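Some notes on the structure that comes next.
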Amino acid sequence: MKKLIKDLKKKRSKAQYLIFDTYSNYLYKIAYRYLKDNHLVEEVISQAFLNIFDKIADTTIEDEASFKAWCRRITINQSLMEIRKHVRFQDNLSLIENMEEAPISTDQHLHEEDIVKLVLQLPDGYRTIFNLYAIEGYTHKEISEKLSISVGTSKSQLSKARQLLKRQIENTEDYHAAIR
């Protein structure tokens, strides 16, 4: 991998092709969690790879783990820029009001892919904050800076996202129980 990253820093097209081939599916899934629109995801992935190929020479990255994390961060940032560009985030921050925070519980019959589908059904603002906090591990302070919102708004939206997910999971569990 060190040689591949060196070649990538030298802008060798074969290295770029191999990196694209290796990481495109991984980065696509990350962007899709934020955007939920194949066309927008393709645009984001294209721009992310352009940024990766353009900026890799300015880094000290030499190992695969650091490279993968760096690519992930670029893709997330590009996804957030796309969300801001389409002003979808602010329009969806306040869709559900007066919800209490509750822990998410799942049934043993609910699979990971079902949970991913439920997360994708969240309104854009909730989904964005949920992804950043619960999946990517950002703090509320980091989220507030990235999205130009207050820390309180980040916390509130995460709470509402969790509550909505909990309801969706309960509905899914009720459905599965009814058909058993």
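The values are calculated or read from the model by the stated rules, or taken from the named source; none is laboratory data. What you are looking at is a predicted structure, and each value in this text was computed from that prediction instead of being measured. As a convention, Cβ positions derive from the backbone with ideal geometry for all residues, glycine included, and neighbour counts pool all protein chains shown. Note: accessible area is taken over every heavy atom of the protein model, side chains too, but ligands, DNA and RNA are not part of it. Shrake-Rupley method; radii C 1.70, N 1.55, O 1.52, S 1.80 Å.
Residues are listed down the side, and each one gets a yes or a no for (1) closer than 20 Å to residue 74 by Cα; (2) among the aromatic types (Phe, Trp, Tyr); (3) open to solvent by 40 Å² or more (accessible area, probe 1.4 Å); (4) modelled with pLDDT of 85 or more:
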{"site": "85", "(1), (2), (3), (4)": "yes, no, yes, no"}
{"site": "104", "(1), (2), (3), (4)": "no, no, yes, no"}
{"site": "123", "(1), (2), (3), (4)": "no, no, no, yes"}
{"site": "126", "(1), (2), (3), (4)": "no, yes, no, yes"}
{"site": "140", "(1), (2), (3), (4)": "yes, no, no, yes"}
{"site": "171", "(1), (2), (3), (4)": "no, no, yes, no"}
Residues in region 16-30: is at least one surrounded by 14 or more Cβ atoms within 10 Å (Cβ to Cβ) and farther than 19 Å from residue 61 by Cβ? yes
Go through region 1-30 and give me each residue that's aromatic (Phe, Trp, Tyr) and within 19 Å of residue 127 (Cα to Cα). 26, 28
Whichever residue in region 31-58 is in contact (Cβ under 8 Å) with a residue 24 or more places away in the chain and over 25 Å from residue 125 (Cβ atoms) and, among such residues, is most open to solvent (accessible area, probe 1.4 Å): 57
Taking region 11-25 and keeping only residues that are touching a residue at least 24 places away in the same chain (Cβ under 8 Å) and not in a helix (DSSP H, G or I), one is left with 11
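What's the total number of residues in region 145-159 that are open to solvent by 20 Å² or more (accessible area, probe 1.4 Å), on the phi < 0 side of the Ramachandran plot and either small (Gly, Ala, Ser) or in a helix (DSSP H, G or I) (or both)?
Of the residues in that region, 8 qualify.
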Within region 129-140, take every residue that is touching a helix residue (DSSP H, G or I) at 6+ places or on another chain (Cβ under 6 Å) and in a helix (DSSP H, G or I) and give me the one that is farthest from residue 36 (Cα to Cα). 140
For region 69-82, which residues satisfy the criterion of being more than 12 Å from residue 30 (Cα to Cα) and either open to solvent by 70 Å² or more (accessible area, probe 1.4 Å) or not in a helix (DSSP H, G or I) (or both)? 81
